[in-house]
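Worksheet: the structure to be examined is printed underneath.
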Amino acid sequence: MDDDEAAELARLRERAYGRTPDIAEDAAALARLRELEARAARRDAPAGDDAAARDEVAPVAPAASERAAASERAAAEAPQAERPRRRAPRWLVAAGAVVAAAVLVTATVAITRAVTEDTPRYPGAERVATLAVIDGGSAPEDSSAVRRYSDFRGYSVFAFTAGNVDRPDVECLSVVSPTEAADDSLSVCGSAPFPVAVTAVVSEQSPDAARAAYPLGTALNFTLTGAGVEVWVGSR
């Protein structure tokens, strides 16, 4: 064995017996190690001991291979809990916190709006319509700025401005049945900050459409608002 082969043998032994053996994965290197180990054993052994030298050298490389395989099995069988956990970047954690806060604020606003919108003006009653302005029309005498709203179940609805020296520009609301005389109409004038409202009760003298839609004794409330005239039906 020359110097180059001796150096090569030293490198292969380091791969087989060193701190980080990896020769088990390199079949060619493993075979070369066996060959050089055998040559070294023959060179150092007395004449006639070649067979004994071969017997001693042959198991060396497999032992290294077994150690490498054992190391691989130990790494594969290591508990997952011992492996370090990867942490999310700080910017991702901060962004998640901002999104969570935004969702919480949005949900709070939505709940607040829902509570406000779901609270009825008249508990125990149901709003069935909001009447819009259509054109001018006849209304009680001594009135001005008349606004006529859409009819509802046979009732004609007017809003107008009335007043005197003490109470000028008072908003009034009038609910009239076309089949009834004008002096039988229901007219009410309000006073801020309370809304102007007229309540009619369905009876035998009510319009046919109202009697067909609601049982006798049902209360119909007409409330003047900035959006129009709200119509509420009270349960009996």
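The values are calculated or read from the model by the stated rules, or taken from the named source; none is laboratory data. These numbers were taken from a predicted model, which means no experiment stands behind them. Every residue, glycine as well, gets a Cβ built from its backbone with ideal geometry; the counts of neighbours run over all protein chains shown. Keep in mind that these areas ignore ligands, DNA and RNA; they rest on the heavy atoms of the full protein, side chains included. Shrake-Rupley method; radii C 1.70, N 1.55, O 1.52, S 1.80 Å.
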Quick one: count up the residues across the range 175-208 that are assigned to a loop (DSSP other than H, G, I, E, B), at pLDDT 85 or above and either touching a strand residue (DSSP E or B) at 6+ places or on another chain (Cβ under 6 Å) or more than 19 Å from Arg121 (Cα to Cα) (or both). 8
Inside the range 7-25, the number of residues satisfying the requirement of being free of Cβ contacts under 8 Å to residues at least 24 places away in the same chain and open to solvent by less than 50 Å² (accessible area, probe 1.4 Å) is 2
